[in-house]
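> Starting off with a structure, shown below.
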Amino acid sequence: MRFKHSIAIPITLFFLVIVAGIFATGYFINKNVFYTVFEERESNKSKNIHLTINSILSLETKKLSSLSKILKHDTDLYYGLYHYQKTAGDRKPLAAAMKQLHSQVNLQTFLMATTQGQILYSADKAELHEKPAASEAFQRALKGEQVLAVTQAGGRWSLRSFVPISVSGKNTPTGVLILGNRIDDEFASKIARETGSQLFLATADDVIAASYRESGPERIDQELARKTLLEQRPLFYTDRENFRSYTYVPLRILEDEFCLVIETDISVIKDLLKKNKAKLAEWGIFLFFAITLLGCVVMYMLIRPLSRLETKARQVIAQYSEGEPDLSPRGNEISTLVRAINTMVNTVENHIADRVRAEEALRESTHMLESLVEASPLAIFETDETGRIRVWNPAAESIFGWRRDEALNLPNPIFARGSNPELKAACDRTLRGEGFSNVEIAGADRNGAGIVLSFSGAPLLDRTGNPSGMTAIVADITEAKRAEEALRRSEEKLIHSQKMEAVGRLAGGVAHDFNNLLSVIMGYSELLLARLAERSRERHEIEEIFKAGERASSLTQQLLAFSRLQVLKPKVFRMNEVVSDHSKMLRRLIGETFELAIDLDPDIWPAKADPNQIGQVLMNLVVNARDAMPGGGRISVSNGNVEFGEPLVEERLTIPKGRYVRVDVMDDGCGMNPDTLARIFEPFFTTKEQGKGTGLGLATVYGIVKQSGGYISVASSPGEGTTFSLYFPAAEDAETGPEEEARTPEKEEATGGETLLVVEDEEMVRELACEALKGFGYSVLEASTGAEAIALAGGYPGPIHLLVTDMVMPGMNGIELARELTASRPGLLVLFISGYSREAVTQLGDVDARGVFLQKPITPTKLLESVRGILSGNGDPARSGNGGDASGDSPPDRPPTSPGSGAPGGANR
């Protein structure tokens, strides 16, 4: 048995700790009692000292008061002061009298001052420079009052009496006698000698008097002094480190409040505590030896029986345990005995239950493994070295199609009739000892349907380490592969849509800027032509410039159509009417070598779009089909109703569910390959020869269809022709819009005397418009911004008949400008002009009905006709000049200029 782990040690230590705690508690209680008694004693002592000091101060004030009354009528002082007054400055008699009196009164402060505060005599030379006139007591003395007060001068406090002295027999003082004693360290020492305690006198800010001074930090706590003065009650503080006590008492001297601090030496407590500590140490040593002896007795009487019981437990453990358990002593005798008994009980229980637990664990493990195999969503099968099935779970039945009774103990049915060669090769390699993890394999089920599998396999080894079979885990990832392919197509569709949107924005921006330049080129060309004679040599060159501008304008209109920024005039119409109206023109476009077959559904639903633009789409597609068949062929145009219960999803197109009017344009031409199909709607993309196409035909079709809210689908293969399918949402309102009567506007005189406000941020376009309008007699006000136009209109006193404004300008746009000016000038008419404007497309319907839209490029003729038509009341907002249709200003009896831009064989694809 090891003594250091014996229970006797903690028991002995426990008693020793208890005794030590009792002694320590008694010592601290005794110490606090000592301090409490001394503090109570000092509190009573401080009250007595306070009464003594008040008595001393009372005697001092009475002494000063009595002396003041006596000296006030002293004849020597009268004479000295009278002599000083009469001789205008001779102080000798006064000084002699003051000196003699000072030796008799024995006061620290003894001085004479004039009524102006000048010191005539002072017993203390340090007080010669005082200014007594500044004190309130001095001023009261000048009124004839004898004043006792506590004053501060030169950083020193004093108890003084101010005595007015008059030598004229009147009440008006001739001088003031000031006498008293200083409240300083000497004053505090005097009181300390009488009270037997060290004293300090303090204000709220500093100690002004002390019975003794020490080097180093001041022991008086100014914070306690301020608190005593504020609360007007005594405070007690004990410095137990230095064995001193301090009593802070409020002290009133005449009208002023001071804090009296009484210091007492309590070092006697230190001696008492020292004696008390020695006594406690003696008792502690005695109890230590007594408790140690008690521990030895406990060890002898308690530990020996525990040791004998532990030996018996070890014998039982050795008899029933198969091995040699670790029973080395740990802890004390009781813990060692408990551990031995627990080990003994566990040994007996384990001997009985080992076999039962082993059998139960085997059953649970087998059941768990079978449950995992049965519940697994993955196909799991196991074969022996010959390939016969030993395990076949329900997931294998579901994926491959063979039931368990058709597979167990039979050759693997997956490989029957040579099917699933890739899977068989993987299984054979696994039987040879290789392992696989998530290998993608193409396979088939019992019915021959193709499936995609993820194969993982591992060989089963016998005791010698040779393969005795294999286990395979197979996942059907067919749906995952399909979803992956669908995701890839969706990403391609999104990329294509973003590319077309970016190209459209670029094309629209180019067309806008280009239309401004064309306005200047065509406008000044027209002005020059008007000034030149018919047979002028320069006329032909300028006419060619104007024609080139017209052709460039046609290209910009096609760019605007592609970018979906042209102004459409949608209405409800029947598709059959549009196709029928354009059939003759289509036949002339393709020529006699082509057959045009038109098949129209008589019950076609109405659609809502711009019929003129839909006709342009048909012409572009038919011309495109013609160019795809250089040797002639058949072109079919058909339509029909279609309703999608679910969204139609194609490789590059998704059409939401709903009702649509479909138009198909088919040809049996050369067709297109996938690379060409991916780019056919890009502007300026063409496979035609140089100079045979602009590459804007199908881009125009795409832009018009998308801006009309429709969808376009293309099906084509090389050598098999092409089919364009257009889908337009069916109109909810079956009533078609009224037919517009074809009318020729009356030719009106373009001249006039009205006042026009022209607002255009492009300087060249603005100068052209102003020059043209001024040339025909109009008064023109011009501005470059909306803010400038508002300021100009506000300062113009006369009427403004028409506002001609660009749609898009920096700061305020044309729509906002028109609203501002029509609000202040209700009769103002408006003509909007723009190269393109997204705002024009989305907001034109919001402007006043008098607003007319003129599409750039503008020429003087178009501008003057529009201006004259509005001013004469013939301006039609719905008939806003757009500079031609989407493919250019092509007349109806001939093909549009470059409607397509070719693919192989000339097709714009």
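The values are calculated or read from the model by the stated rules, or taken from the named source; none is laboratory data. In this text the structure is predicted, and so the values were computed from the model without any measurement. Heads up, the Cβs are rebuilt from the backbone with ideal geometry, glycines too, and the neighbour counts pull from every protein chain shown. We work out accessible area using only protein heavy atoms, side chains counted, and drop any ligands, DNA or RNA first. Shrake-Rupley method; radii C 1.70, N 1.55, O 1.52, S 1.80 Å.
> Of all residues being in a loop (DSSP other than H, G, I, E, B) and closer than 16 Å to R156 by Cβ in segment 190-216, which is nearest to the chain's Cα centre (by Cα)? Just the residue, please.
Going through segment 190-216, the residues in a loop (DSSP other than H, G, I, E, B) turn out to be 196-197, 203-206, 211-216.
Okay, now just the ones that are also closer than 16 Å to R156 by Cβ, so 203, 205-206, 213.
Numbers: T203: 58, D205: 54, D206: 57, R213: 66 Å.
Within segment 190-216, the match that is nearest to the chain's Cα centre (by Cα) is D205.
> State yes or no: is R679 modelled with pLDDT of 90 or more and of a type in the set (K, R)?
Numbers: modelled with pLDDT of 90 or more: no; of a type in the set (K, R): yes.
So R679 does not fit the description; no.
> Starting from segment 189-209, keep only residues that are surrounded by fewer than 20 Cβ atoms within 10 Å (Cβ to Cβ), then list their pairs with residues that are at pLDDT 85 or above and among the aromatic types (F, W, Y) whose Cβ atoms are within a distance under 8 Å, requiring at least 6 positions of separation or different chains.
Close Cβ pairs satisfying both conditions: T203/F258; V207/F200.
> Considering each of S419, S437 in turn, give the residue that is surrounded by fewer than 17 Cβ atoms within 10 Å (Cβ to Cβ), out of contact with any Gly (no Cβ under 6 Å at 6 or more places or on another chain), modelled with pLDDT under 90 and under 23 Å from L372 (Cβ atoms). Spell out how you get there, then give the answer.
Values: S419 fails: under 23 Å from L372 (Cβ atoms).
Step by step, each of S419, S437 is checked, and only S437 is surrounded by fewer than 17 Cβ atoms within 10 Å (Cβ to Cβ), out of contact with any Gly (no Cβ under 6 Å at 6 or more places or on another chain), modelled with pLDDT under 90 and under 23 Å from L372 (Cβ atoms).
> How many residues does segment 158-189 contain that are in a strand (DSSP E or B) and more than 18 Å from N106 (Cα to Cα)? It would help to see each step written out before you state the result.
To start, the set of residues in segment 158-189 that are in a strand (DSSP E or B) comprises 158-165, 175-183.
Still in the list and also more than 18 Å from N106 (Cα to Cα): 164-165, 175-176.
Summing the residues that are in a strand (DSSP E or B) and more than 18 Å from N106 (Cα to Cα) in segment 158-189 gives 4.
> Based on what the data block shows, is Y237 of a type outside the set (D, E, K, R), assigned to a loop (DSSP other than H, G, I, E, B) and within 15 Å of V261 (Cα to Cα)? First the steps, then the outcome.
Working: of a type outside the set (D, E, K, R): yes; assigned to a loop (DSSP other than H, G, I, E, B): no; within 15 Å of V261 (Cα to Cα): yes.
It is false that Y237 is of a type outside the set (D, E, K, R), assigned to a loop (DSSP other than H, G, I, E, B) and within 15 Å of V261 (Cα to Cα).
> Grab the strands (runs of 3 or more DSSP E) fully contained in segment 389-485, keeping just those with 1 or more residues being of a type in the set (D, E) and touching a strand residue (DSSP E or B) at 6+ places or on another chain (Cβ under 8 Å).
Values: elements: 389-392, 436-444, 450-461, 467-476.
Per the criteria, 436-444, 467-476.
> Just one of N620, N639 is of a type in the set (S, T, N, Q), surrounded by 14 or more Cβ atoms within 10 Å (Cβ to Cβ) and out of contact with any Pro (no Cβ under 7 Å at 6 or more places or on another chain); which is it? Break it down stepwise before answering.
Working: N620 fails: out of contact with any Pro (no Cβ under 7 Å at 6 or more places or on another chain).
After applying the criteria, what remains is N639.
> Can you list residue pairs whose Cβ atoms sit under 9 Å apart, with the first residue in segment 346-371 being closer than 23 Å to S321 by Cα and the second being part of a helix (DSSP H, G or I) and among the hydrophobic types (A, V, I, L, M, F, W, C)? Count only pairs 6 or more apart in sequence or on different chains.
T347/V316; T347/I317; V348/V316
> Still on this structure: Can you find, within segment 90-104, the residue that is nearest to T172 (Cα to Cα) among those that are in contact with a strand residue (DSSP E or B) (Cβ under 7 Å, 6 or more places away or on another chain) and open to solvent by less than 20 Å² (accessible area, probe 1.4 Å)?
Filtering segment 90-104 down to residues in contact with a strand residue (DSSP E or B) (Cβ under 7 Å, 6 or more places away or on another chain) leaves 91, 94-95, 98, 102.
Subsequent filtering for residues that are open to solvent by less than 20 Å² (accessible area, probe 1.4 Å) retains 94, 98.
Working: L94: 19, M98: 21 Å.
Ranking the candidates gives L94 first.
> So which residues in segment 61-78 are open to solvent by 40 Å² or more (accessible area, probe 1.4 Å) and out of contact with any helix residue (DSSP H, G or I) (no Cβ under 6 Å at 6 or more places or on another chain), if there are any at all? Steps first, please.
First, pick out the residues of segment 61-78 that are open to solvent by 40 Å² or more (accessible area, probe 1.4 Å): 62-63, 66, 69-70, 72-73, 75-76, 78.
If the condition is that a residue be open to solvent by 40 Å² or more (accessible area, probe 1.4 Å) and out of contact with any helix residue (DSSP H, G or I) (no Cβ under 6 Å at 6 or more places or on another chain), then K62, K63, S66, K69, I70, K72, H73, T75, Y78 are the ones that fit.
> Kindly provide the set of residues from segment 639-661 that are within 15 Å of N576 (Cβ to Cβ) and out of contact with any Leu (no Cβ under 7 Å at 6 or more places or on another chain), ordered by number. Steps first, answer last, please.
As a first pass, look at segment 639-661 and keep what is within 15 Å of N576 (Cβ to Cβ): 639-641, 661.
Once the filter is applied, which keeps residues that are within 15 Å of N576 (Cβ to Cβ) and out of contact with any Leu (no Cβ under 7 Å at 6 or more places or on another chain), segment 639-661 yields G640, N641, V661.
> Right, next: Could you list, in sequence order, all residues of segment 231-278 that are among the hydrophobic types (A, V, I, L, M, F, W, C) and surrounded by 17 or more Cβ atoms within 10 Å (Cβ to Cβ)?
Looking only at segment 231-278, we keep the residues that are among the hydrophobic types (A, V, I, L, M, F, W, C), and these are 235-236, 243, 249, 251, 253-254, 258-262, 266, 268-269, 272-273, 278.
Once the filter is applied, which keeps residues that are among the hydrophobic types (A, V, I, L, M, F, W, C) and surrounded by 17 or more Cβ atoms within 10 Å (Cβ to Cβ), segment 231-278 yields L235, F243, V249, L251, I253, F258, C259, L260, V261, I262, I266, I269.
> Can we say T687 is modelled with pLDDT under 75, of a type in the set (V, I, T) and either part of a loop (DSSP other than H, G, I, E, B) or more than 45 Å from the chain's Cα centre (by Cα) (or both)? It would help to see each step written out before you state the result.
Values: modelled with pLDDT under 75: yes; of a type in the set (V, I, T): yes; either part of a loop (DSSP other than H, G, I, E, B) or more than 45 Å from the chain's Cα centre (by Cα) (or both): yes.
Here the answer is yes, as T687 does meet what is asked.
> Based on this model, can you work out whether L844 counts as modelled with pLDDT of 90 or more and either touching a His at 6+ places or on another chain (Cβ under 6 Å) or aliphatic (A, V, I, L, M) (or both)? If you could, list the steps in order and put the result at the bottom.
On the way: modelled with pLDDT of 90 or more: no; either touching a His at 6+ places or on another chain (Cβ under 6 Å) or aliphatic (A, V, I, L, M) (or both): yes.
Spelling it out, it is not the case that L844 is modelled with pLDDT of 90 or more and either touching a His at 6+ places or on another chain (Cβ under 6 Å) or aliphatic (A, V, I, L, M) (or both).
> Could you tell me whether L159 is buried (at least 16 other Cβ atoms within 10 Å of the Cβ) and hydrophobic (A, V, I, L, M, F, W, C)? Quick ask: steps written out before the conclusion?
Working: buried (at least 16 other Cβ atoms within 10 Å of the Cβ): yes; hydrophobic (A, V, I, L, M, F, W, C): yes.
So L159 passes the test.
> Looking at A444, A483, A475, A396, can you tell me which residue is touching a residue at least 60 places away in the same chain (Cβ under 8 Å) and either open to solvent by 70 Å² or more (accessible area, probe 1.4 Å) or within 30 Å of E650 (Cα to Cα) (or both)? If you could, list the steps in order and put the result at the bottom.
Numbers: A444 fails: touching a residue at least 60 places away in the same chain (Cβ under 8 Å); A483 fails: touching a residue at least 60 places away in the same chain (Cβ under 8 Å); A396 fails: either open to solvent by 70 Å² or more (accessible area, probe 1.4 Å) or within 30 Å of E650 (Cα to Cα) (or both).
On inspection, the qualifying residue turns out to be A475.
> Quick one: count up the residues across segment 85-108 that are in contact (Cβ under 8 Å) with a residue 40 or more places away in the chain and not aliphatic (A, V, I, L, M). Lay out the reasoning, then the answer.
Start the filter on segment 85-108 by keeping residues that are in contact (Cβ under 8 Å) with a residue 40 or more places away in the chain, which leaves 85, 105, 107-108.
Okay, now just the ones that are also not aliphatic (A, V, I, L, M), so 85, 108.
Within segment 85-108, residues that are in contact (Cβ under 8 Å) with a residue 40 or more places away in the chain and not aliphatic (A, V, I, L, M) number 2.
> Something else about it: How many residues, within segment 789-831, are closer than 14 Å to D761 by Cβ and in a strand (DSSP E or B)?
Here the count works out to 3.
> Just for segment 642-657: of the residues that are surrounded by 14 or more Cβ atoms within 10 Å (Cβ to Cβ) and touching a strand residue (DSSP E or B) at 6+ places or on another chain (Cβ under 6 Å), which one is modelled with the lowest pLDDT?
Top of the filtered list is L653.
> Only one of G777, G753 is at positive phi and either assigned by the TED database to the domain that holds S519 or of a type outside the set (S, T, Y) (or both). Can you tell me which?
None of the others qualify; the one that does is G777.
Matching residues to (1) at pLDDT 80 or above; (2) open to solvent by less than 80 Å² (accessible area, probe 1.4 Å); (3) outside any loop (DSSP other than H, G, I, E, B):
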{"position": "A502", "(1), (2), (3)": "no, yes, yes"}
{"position": "K547", "(1), (2), (3)": "no, no, yes"}
{"position": "R551", "(1), (2), (3)": "no, no, yes"}
{"position": "L568", "(1), (2), (3)": "no, yes, no"}
{"position": "V572", "(1), (2), (3)": "yes, yes, yes"}
{"position": "E595", "(1), (2), (3)": "yes, no, yes"}
